[in-house]
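Data block below; observations after.
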Amino acid sequence: MKIGIGNDHSAFELKQVIAAHLKAQGHEVVDYGSYSAERCNYPEFGEKVARAIVRGEVERGVLICGTGVGISLAANKVKGIRAAVCSEPYTAQLVRRHNNAQIIAFGARVVGDEMAKMIVDSFLAAEFEGGRHQMRIDMISEIEEREA
Ligand code: RB5
């Protein structure tokens with residue numbers, strides 16, 4: 001799978017760990033930055049990965065900042081994007097199965113390397129179930145349309 005990854009300064013090290021983990025599994029990883037631990041602003045990287053998904057450049061996204069919250073909030077401002085913050089693998093699986101999230105987000109100051117790998121693995125392995133869940137996602141899209 002082609003996966004976009006993005007982070008801020010607080011998550012630069014964990015981003016490298018996760019990118020290597022995904023590559024070792026045979027995934028293609030596109031790194032949208034940041035490319036160092038120098039202080040930067042998470043909205044830039046949340047938006048970059050979200051727009052790459054909308055363009056069809058990558059199929060899924062992984063976003064990491066200190067908590068996962070700021071970078072996911074930015075990604076969710078891009079129309080059609082569902083980015084979910086998860087701190088454990090159960091929720092990471094359900095955001096695919098029920099919410100059809102294209103992006104998983106987590107915090108480098110919240111989860112350790114091994115938990116982060118499990119979160120990403122659960123997210124990527126799960127499929128959207130459709131059915132009643134699609135109807136609820138359509139309701140979210142309608143909110144987005146009303147805001148436009
Ligand atoms: C950066 O210090 C921090 O605020 C950011 O990584 C993130 O946690 C924001 O949600």
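Observations
- Residues of region 34-50 that are away from the ligand (no atom under 14 Å from the Cβ) and surrounded by fewer than 17 Cβ atoms within 10 Å (Cβ to Cβ): 35, 36.
- Only one entry of 141, 122 meets the criterion of being outside any loop (DSSP other than H, G, I, E, B), in contact with an Asp or Glu (Cβ under 9 Å, 6 or more places away or on another chain), over 20 Å from residue 9 (Cα atoms) and of a type in the set (Ser, Thr, Tyr), and that entry is 122.
- Test: residue in region 76-94 that is surrounded by 13 or more Cβ atoms within 10 Å (Cβ to Cβ), over 12 Å from the mean Cα position of the chain (by Cα) and under 22 Å from residue 26 (Cα atoms): yes
- Output for region 1-33, where each listed residue is touching a Gly at 6+ places or on another chain (Cβ under 6 Å) and more than 15 Å from the ligand (Cβ to nearest atom): 4, 30, 32
- Single residue of region 51-68 satisfying the filter (among the hydrophobic types (A, V, I, L, M, F, W, C) and either away from the ligand (no atom under 15 Å from the Cβ) or touching a strand residue (DSSP E or B) at 6+ places or on another chain (Cβ under 6 Å) (or both)) that is farthest from residue 80 (Cα to Cα): 64
- Within region 97-118, the residues that satisfy the criterion of being away from the ligand (no atom under 16 Å from the Cβ) and crowded, with 22+ Cβ neighbours inside 10 Å are 101, 102.
- Of all residues in region 70-86, those satisfying the criterion of being within 13 Å of the ligand (Cβ to nearest atom) and either closer than 13 Å to residue 111 by Cβ or not hydrophobic (A, V, I, L, M, F, W, C) (or both) are 70, 72, 76, 85.
- Among the numbered conditions (1) small (Gly, Ala, Ser); (2) closer than 23 Å to residue 2 by Cβ; (3) out of contact with any helix residue (DSSP H, G or I) (no Cβ under 7 Å at 6 or more places or on another chain), the only one that residue 83 does not meet is (3).
- Some residue of region 15-28 being within 13 Å of the chain's Cα centre (by Cα), farther than 16 Å from residue 119 by Cβ and at pLDDT 95 or above: no
- Search result, residues across region 14-28 that are surrounded by fewer than 24 Cβ atoms within 10 Å (Cβ to Cβ) and either out of contact with any helix residue (DSSP H, G or I) (no Cβ under 9 Å at 6 or more places or on another chain) or among the polar types (S, T, N, Q) (or both): 16, 19, 20, 23, 24, 25, 26
The values are calculated or read from the model by the stated rules, or taken from the named source; none is laboratory data. These numbers come from a predicted model, not from an experiment. Cβ atoms come from the backbone with ideal geometry, glycine included; neighbour counts cover every protein chain shown.
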